[in-house]
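Quick note: the coordinates plus some simple rules give every number you see, no bench work behind them. Bear in mind that the values here come from a model prediction, so they are computed numbers and not experimental data. Cβ sites come from the backbone with ideal geometry, for glycine too, and all protein chains shown count toward neighbours.
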Amino acid sequence: MKLNFVPVRFSQRILLGFSVLILFFLSVMIGVELVGIPGTANKGNLERFRTRILSDMEVVSGLLSQRIAGWQRERRSDLDGLAASPSFCRLVERQSAQTGRDLARELDAFRTSQPDIESLALLDPGGTSVLAASGGFAAAANAAAIGIGSEQSARLTHPGYRETVDIYHAPDRTPRLRIMRQVFSTATPDQLSGLLVAECDIERAVRARIWSVSNLVSRDWQCVVAGKSGGSVTQFSDTRTGRAEPREVASDLSAFTPVRLAMSGIEGPYDGPDQHGEPVLAFYRQVRFDQGIALALVLMTDRGRALHPASVELWQRCILWLFMFTAGIGLCMFLSKQISRPINELVAVARRIEAGDLTGRVAAPGASELGRFAAVFNGMVDHIEMSHQDLERQVQDRTRDLRQLSARQEAILTAAPDIIVEADTEQVYTWSNRAGFEFFGEDFLGQPVAAYVVGEANISTLFQASADGAAKANYVENWQRRKDGEVRLLAWWSSELKDEHGRVTRVISTARDITERKQAEEALQREYAELERFNRVTLGRELRMIELKKEINTLLNAAGQPAKYRIVSDPP
């Protein structure tokens with residue numbers, strides 16, 4: 001079964017062709033908008049939007065990283081300035097009750113001037129007892145009360161640890177930045193006189209830095225700052241609302257790829273699921289404080305919400321493209337009608353001409369291709385009409401001649417006394433002149449030839465040999481039964497009719513009734529035979545008389561009779 005999906009009508013083909021072309025271009029445009037052009041910088045509208053979001057996140061995260069790192073450097077610089085102050089160092093060296101009160105006032109004044117520092121404590125050179133404290137450390141009596149164990153105290157008082165930075169999580173999981181600075185004696189610079197410990201609220205500091213760049217941060221973005229403590233990763237900042245959100249201390253956060261990579265010191269964009277399996281766009285980087293002390297900074301947003309404007313824009317363009325497609329189809333229908341109208345007129349005129357009406361003409365004037373074609377077509381029709389008229393005259397003349405010839409032939413055939421018949425290759429009569437009907441009857445056409453043959457002489461032999469082309473039988477005589485039942489002797493002359501391939505298709509035969517002639521010939525033959533017999537009898541008698549005369553003469557000669565008595569005989 002052959003399937004044909006191409007319309008037959010020309011206008012439908014034009015409409016289909018233009019529609020496929022417009023649909024192809026629209027598909028290409030949609031494909032370019034979705035995936036871009038392969039091998040070029042054009043990555044499609046969604047990809048461009050995604051790249052722009054990730055690029056903005058990279059810029060903002062870089063700025064936040066610098067500001068957070070700068071903040072902790074400023075706090076370290078502030079604490080370093082306090083620890084290096086000669087007046088503060090001399091107070092630490094005195095080690096008296098009055099000195100303890102003076103140190104507490106000094107620490108309170110320093111903490112007041114530095115709002116980011118929430119707690120201050122001065123430990124003895126062994127790092128076990130608190131000499132003075134302020135803020136959150138005010139009630140602490142020893143190092144253990146502020147979360148510093150003996151092992152850590154021993155490490156902090158080591159001469160090589162001039163300054164140490166750490167992230168400490170209180171029992172409520174509140175993250176704190178701790179800066180521990182060794183204080184040295186003014187008289188002996190290498191002699192440790194105390195250990196200064198400062199604690200800052202990282203969340204508040206980070207949130208303040210994030211809100212300082214709020215004009216650069218989308219309200220749909222989520223800023224996650226996480227730190228590692230005790231082997232677990234803790235999220236301690238989510239700045240979408242500006243309030244402290246419930247902290248997430250979970251193993252799945254450490255499995256969140258951006259946090260894990262940022263904690264490893266790697267930075268880059270991310271497009272994938274978050275710790276809850278929701279698709280997000282993110283950019284991650286590390287905020288390094290000190291050797292082994294760093295924060296993971298991740299800017300992320302819901303992928304669907306982030307790309308929603310691009311999807312809306314794409315849908316708007318699709319609607320526009322659909323309108324363009326609809327308008328294009330309408331234009332194609334208009335153009336197809338304009339293009340196919342002259343062709344339809346041409347087809348209508350051609351059908352009129354096919355039906356025999358040569359008066360039809362195509363009305364398509366102008367210098368266009370169709371106009372020129374219409375002019376050529378009309379000229380062709382004019383020529384055909386003239387040729388047709390001339391041919392009709394010739395046909396009429398020829399028909400008149402043929403009618404005259406046919407009338408002449410019909411008169412000849414009717415007047416001919418001989419029988420003229422036609423038989424096919426099956427030896428069946430198919431045509432006859434008037435003499436044939438008079439002899440065989442009015443209903444002999446369609447009858448086999450053998451049905452009218454009498455006796456052993458069969459005219460079918462003549463027809464079969466002639467029809468097969470194997471032999472050429474020109475003449476034969478046989479007895480035929482006439483329509484009244486009388487048997488007559490007919491003499492047949494036959495000739496073959498062949499087609500253009502040389503195959504015999506008909507046999508034309510003429511027959512003449514020779515019964516009387518045959519009977520006359522037979523009577524003459526009988527008379528001639530009788531005469532011949534009579535002549536033979538008469539001749540015998542004459543020869544006998546001559547023999548008798550010869551015998552008499554011989555006897556007379558023997559008897560010596562005179563010649564006058566002899567019998568004269570005629571020579572035989």
Amide H within-cut-off set for Gln222, under 5 Å, with H built and near neighbours excluded: Met300, Thr301
Applying the Karplus parametrisation 6.51 cos²θ - 1.76 cosθ + 1.60 with θ = phi - 60° to the phi angles of the range 322-338, what ³J(HN,Hα) value in whole Hz is obtained for each residue in order, glycine and proline being reported as x? 5, 4, 4, 5, 4, 4, x, 5, x, 5, 5, 5, 5, 5, 5, 5, 5
Over the range 314-446: Rg over Rh, Cα atoms, Kirkwood Rh: 1.46
Which shape class, rounded, prolate or oblate, goes with the range 395-445 when its Cα gyration tensor gives a ≥ b ≥ c as root eigenvalues, a/c under 1.5 marks rounded, and past that a/b bigger than b/c marks prolate? oblate
Pseudo-spin-label distance Ala450 to Asn535, built 7 Å along Cα→Cβ, given in nm, is 4.6 nm
